[in-house]
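Okay, structure first, notes after.
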C-alpha cells in the first residue's frame, strides 16, 4: 500500500513539475499576492487577503499572506496530505525563476529576505501560509 501511495505521489509530482512552469509563462491570467506582489498564486489556491499581516521593521519587513487550497483535485491529486507535496513542488519550480533560491522544502531565500511556506489544516480547510521575513531573523 505504501508503495502504491509513493508511486502515485511520484507520478503526480512529475506531471506537476512538467506543467506549471509552462503555465506560469503561457497564462496571462496568473494571479499574485497583494503584498508579496512577485509571488504567484498557484492556480489551485484561493488568495485570502483578509488574513494578510504586514510589519515594517528597521531590519526589513515581515509579511504573512494566506491562501486556501481548493477542494478540486489538481492533476488528479486530491486536496489531502499528498497534495502538500504538489504545492511545495510548484513553488520549488516557480520561485527560482523569480530569483528565489530553494533552501529546503518550503524554505526560500533571495537577497536579504527569507520566504517560508507552511501548510496546515484549520477548521477542516487546508491553508498555505507564506511568511516573508529578513533572512537573518529567526522564527
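The values are calculated or read from the model by the stated rules, or taken from the named source; none is laboratory data. Here the structure is a predicted model, which means the values were calculated and not measured. In this analysis, Cβ positions are derived from the backbone assuming ideal geometry, glycine residues included, and neighbour counts consider all displayed protein chains.
Name the single residue, out of those in segment 80-91 being in a helix (DSSP H, G or I) and more than 14 Å from residue 130 (Cβ to Cβ), that is modelled with the lowest pLDDT. Let's see the steps before the verdict.
Going through segment 80-91, the residues in a helix (DSSP H, G or I) turn out to be 81-91.
Subsequent filtering for residues that are more than 14 Å from residue 130 (Cβ to Cβ) retains 81-86, 89.
Values: 81: 63, 82: 67, 83: 78, 84: 86, 85: 87, 86: 88, 89: 93.
That would be 81.
Please specify each residue of segment 88-100 satisfying the condition of being under 18 Å from residue 38 (Cβ atoms) and either out of contact with any strand residue (DSSP E or B) (no Cβ under 7 Å at 6 or more places or on another chain) or surrounded by 12 or more Cβ atoms within 10 Å (Cβ to Cβ) (or both). Even if it seems obvious, please write down each step before you answer.
We begin by selecting, within segment 88-100, every residue under 18 Å from residue 38 (Cβ atoms); these are 90-100.
Residues satisfying the conditions are 90, 91, 92, 93, 94, 95, 96, 97, 98, 100.
Taking segment 110-128 only, how many residues are buried (at least 16 other Cβ atoms within 10 Å of the Cβ) and closer than 23 Å to residue 57 by Cβ?
Within segment 110-128, the first condition is being buried (at least 16 other Cβ atoms within 10 Å of the Cβ), and the residues that meet it are 110, 113-117, 119, 126-128.
Remaining after also requiring closer than 23 Å to residue 57 by Cβ: 110, 113-117.
Matching residues across segment 110-128 total 6.
On the basis of being in contact (Cβ under 8 Å) with a residue 40 or more places away in the chain and over 16 Å from residue 51 (Cβ atoms), does residue 108 make the cut? Write out each step before concluding.
Working: in contact (Cβ under 8 Å) with a residue 40 or more places away in the chain: no; over 16 Å from residue 51 (Cβ atoms): yes.
Taking the combined requirement at face value, the residue does not satisfy it.
Find the residue count for segment 98-139, including only residues that are outside any loop (DSSP other than H, G, I, E, B) and in contact with a helix residue (DSSP H, G or I) (Cβ under 7 Å, 6 or more places away or on another chain).
Pass one, segment 98-139, residues outside any loop (DSSP other than H, G, I, E, B): 98, 101-104, 107-110, 113-122, 125-134.
Within this subset, residues satisfying the condition of being in contact with a helix residue (DSSP H, G or I) (Cβ under 7 Å, 6 or more places away or on another chain) are 102, 108, 117, 119, 128.
Within segment 98-139, residues that are outside any loop (DSSP other than H, G, I, E, B) and in contact with a helix residue (DSSP H, G or I) (Cβ under 7 Å, 6 or more places away or on another chain) number 5.
Just checking, how many residues over segment 15-54 are more than 26 Å from residue 125 (Cα to Cα) and either surrounded by fewer than 13 Cβ atoms within 10 Å (Cβ to Cβ) or at pLDDT 90 or above (or both)?
Residues in segment 15-54 being more than 26 Å from residue 125 (Cα to Cα) and either surrounded by fewer than 13 Cβ atoms within 10 Å (Cβ to Cβ) or at pLDDT 90 or above (or both): 6 in total.
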